[in-house]
Every structure is written in structure tokens, then in C-alpha cells.
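The values are calculated or read from the model by the stated rules, or taken from the named source; none is laboratory data. None of the values given here were measured: they were computed from a predicted structure. Note that we place each Cβ from the backbone using ideal geometry, even for glycine, and neighbour counts take in every protein chain shown. Please note that ligands, DNA and RNA were not included when accessible areas were found on the heavy atoms of the full protein model with its side chains. Shrake-Rupley method; radii C 1.70, N 1.55, O 1.52, S 1.80 Å.
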Amino acid sequence: MARIIVITSGKGGVGKTTTAAAMAMGLAQRGHRTVVIDFDVGLRNLDLIMGCERRVVYDFVNVINGEANLNQALIRDKRCDGLFVLPASQTRDKDALSTEGVGKVLEELSKGHDYIVCDSPAGIEHGATMAMYYADDAVVVTNPEVSSVRDSDRMLGILSSKSRRAEQNEEPIREHLLLTRYAPERVARGEMLSVDDVQEILSLKLLGVIPDSQAVLNASNAGNPVILDKNTDAGQAYDDMVSRYLGEELPMRFLEPEKKGLFNRLFGG
């Protein structure tokens, strides 16, 4: 049976879809058969970041409604064997996702995959609760800002009380923290919460720290998960995150301001 991972947050715009794409690609690159599902019905973006928007014929809601089967709707990634995308519908309402329908799709996918990564909408609306209901693991994505951290704290309460595991008194969802858009220079100036500040508030195991980087936007615009760009700090940080999820012990990187060389100090570069 597949392990189901939900990528969630309380606040929008923190990098959930970027994270879902990177994590799915990273797992597949390591030989794990993986599918990533877009739960943001009506506002899908995962297919754009995965670079497969022109290949969408059927979607998640079509499968739930019996209008297509999974083989028709799943899109195989051209860069990595064993990675598949199940896009969301752009024309349906989020209420098209039902607990029973989502459960049947996840059960069928579990038979042929090692990991199912669920890209959740922000907040606690219907699509988000559907994405987290069947989760085994949760990656809570937050920016180092008070409002983002506060909203993530709210999500932890939902994860611990409204999941299938909570309803059936099973082992709780394993919760992980991913800190995105981290700028050590701004932390040093007191303009942004530090890693320690965020961990003190949320008390979660830290899975990774993703630096604020132009590489994320460049990769998204090109339709490539940023984890593929191993020459960038963001790509390396996401690669580290996947390794930690799989149990590897790695030190956190990109937590300190970049030291300027002598030339830059002399000439203000």
C-alpha cells in the first residue's frame, strides 16, 4: 500500500504546489513509484509546474464521477519513469470531491504506487479537508512570518482531529515542518522569524528550510520542478528535504547569511 503525503498550509502562496512537485519528483528519482494529485479544483496549477498542462485530457473529478478511468487521466512524466500526475478540474466546483470518491481513487492508486503526494489548497475549505483526510504524513509548509505560522498552527489542529486516522483512533498523522522563502539576511535584521522562532511556536520536526530564491520562480515558469536544478540553493534544499523524509540524517543548509568575499566588501557588491 502506498504512503499518502499531504502538502498543506493555512495561508496561500507559501509554496505548496512547488513543494508537492519537488517532493514527488525527488521520490520518483530515488526509484519510488509516485503519483502527485492536484486537489485545488477550479484553480489548478500543478500541471503548469510539472510542465504537462497541454497533455491534460481527463482529470481527478472525471475519475471520481466515472467519466474516465485512472489510466486515461494519469499523465506520465517525461523526465522520470515512475512519476505520474493526476490534474485537478478547472471547470468544476470543489464540492465535486467526495470522501467516498477520493477514497476509491486513492485506494486504486495505492495498488500500483509507493507514494501518493496530495497538493492541497490553502486553508480549511472542502478541497483542503479532502486532501488531508486520508493522509499518513503531512508536510506543513509555512513562511517565516507571524501570520503564516499562526495559520499553520490552526492546520495542525485540523490534522489531529478531522483525519480518518483521528476518527478511527489510529496512529496519528506524522507531521513535518517545511520552512520556505527563508532569507537569513532578513532574519539577522529582525525582519523575519528565525527557524528557532517557528519551531518554538509549532513544535514540529523540521524537514527542511528552502531559501528565498529566484530559481523557484524560474523553474515554475519553465514547467520544471525546482528539485531538478541541482545547481541552485533551492534545488539542493528540496533534494535534502526528500532525503530527510526517507530517513537520511542531513544537516540543515542555507540558514546563515552568505559571507561576502573581500572584493565584494571593498566595492559594495
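Tabulated data
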item: Check: the chain dipole with +1 on Lys, Arg Cβ and -1 on Asp, Glu Cβ, in debye; result: 520
item: Rg to Rh quotient for region 160-269, alpha carbon positions, Kirkwood Rh; result: 1.07
item: Using a Förster distance of 22 Å, the FRET efficiency for HIS126-ARG54 (Cβ separation, nearest 0.05); result: 0.20
item: Extended-chain gain in nm, criterion 0.36 nm per residue less alpha-carbon gap, ASP95 and GLN72; result: 6.0 nm
item: Reachable lysines, given that their alpha-carbon falls under 23 Å from the alpha-carbon of LYS104 and they are not under 8 places away in the same chain; result: LYS94, LYS162
item: Over region 194-241: Kirkwood hydrodynamic radius from C-alpha pairwise inverse distances, Å; result: 11.7
item: Charge dipole magnitude, Cβ of K and R +1, D and E -1 - region 1-119, Cα centre, debye nearest 20; result: 400
item: Antiparallel DSSP beta bridges within the chain, as percent of all bridges there, nearest 5; result: 5
item: Mean accessible surface per residue for region 3-250, computed with a 1.4 Å probe while every protein chain stays in place, in Å²; result: 42
item: Packing rank of 109-122, 190-203, where each peptide gets the mean count of other beta carbons within 10 Å, highest leading; result: 109-122, 190-203
item: For region 146-211, average projected area of the Cα convex hull in nm²; result: 4.6
item: Relative contact order of the chain, defined on C-alpha pairs under 8 angstrom at six or more residues apart (%); result: 24
item: Distance from region 65-120 to region 39-54 (C-alpha centre basis), Å; result: 12
item: Carbon and sulfur %, accessible surface of the chain computed with the full protein complex present, 1.4 Å; result: 45
item: Sites GLU167 and LYS104 - FRET efficiency at Förster radius 25 Å, r taken between beta-carbons, to 0.05; result: 0.90
item: Whole-Å semi-axes of the ellipsoid equivalent to the chain (Cα gyration tensor, √5λ, descending); result: 32, 21, 16
